[in-house]
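What follows draws every value from the coordinates through simple rules; no lab data is involved. These numbers come from a predicted model, not from an experiment. With ideal geometry, Cβ positions are generated from the backbone for all residues, glycine too; neighbour counts draw on all protein chains shown.
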Amino acid sequence: MDSFMQAAFDEARQGLAEGGIPIGAVIVHQGRIIGRGHNRRVQQGSAILHGEMDALENAGRQPAAVYRESVLYTTLSPCPMCSGAILLYGIPRVVIGENRTFMGEEELLRSRGVQLEVLQDEQCISLMEQFIAEKPELWSEDIGV
Ligand SMILES: [Zn+2]
């Protein structure tokens with residue numbers, strides 16, 4: 001796993017340690033992490049703080065030019081909400097830890113010209129598999145089912 005996906009994975013593990021949903025993300029601009037975060041729906045009682053949204057929020061307000069040169073690393077395939085944010089800000093490239101436990105809006109992102117790379121990383125897969133097995137109701141709530 002490269003250092004940026006490792007940072008996203010570390011965020012996911014931190015979320016799990018906090019009793020949350022183990023999904024993490026980082027935003028990289030010109031080779032530097034400008035925002036990192038993890039799913040904090042449980043911790044914050046939040047409706048919107050998926051890992052990607054948390055990383056975007058923690059990067060703070062950025063000009064369009066920054067988003068358009070950024071890469072988003074996320075441990076799990078992005079859901080419709082997070083894919084919407086990716087499209088809104090014109091983030092051109094997303095590196096995805098895995099899409100085996102959940103397939104997000106990859107087709108939509110590709111159709112809009114976003115370059116995707118899916119790693120199918122075994123550590124990302126097993127972290128989610130274990131979480132889903134242990135807390136299926138919490139996972140269902142996160143993806144709106
Ligand atoms: Zn999401």
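Leu72 passes all but one of (1) in contact with an Asp or Glu (Cβ under 9 Å, 6 or more places away or on another chain); (2) closer than 18 Å to Ile132 by Cα; (3) of a type outside the set (Val, Ile, Thr); which number fails?
With (1) in contact with an Asp or Glu (Cβ under 9 Å, 6 or more places away or on another chain); (2) closer than 18 Å to Ile132 by Cα; (3) of a type outside the set (Val, Ile, Thr) applied to Leu72, the lone miss is (2).
For the stretch 26-53, name all the residues that are within 13 Å of the ligand (Cβ to nearest atom) and either closer than 14 Å to Met5 by Cα or not hydrophobic (A, V, I, L, M, F, W, C) (or both).
Passing the criteria: Gly37, His38, Asn39, Arg40, Arg41, Ser46, His50, Gly51, Glu52.
Of all residues being in contact with a Cys (Cβ under 6 Å, 6 or more places away or on another chain) and among the small types (Gly, Ala, Ser) in the stretch 77-134, which is surrounded by the fewest Cβ atoms within 10 Å (Cβ to Cβ)? Just the residue, please.
Gly104
Cβ-Cβ under 6 Å, sequence separation 6+ or interchain: first residue in the stretch 128-140 and under 19 Å from His50 (Cβ atoms), partner of a type in the set (Phe, Trp, Tyr). Which pairs?
Correct list of pairs: Ile132/Trp139.
Would you mind stating whether Gln43 is under 16 Å from Gly15 (Cα atoms) and surrounded by fewer than 17 Cβ atoms within 10 Å (Cβ to Cβ)?
yes
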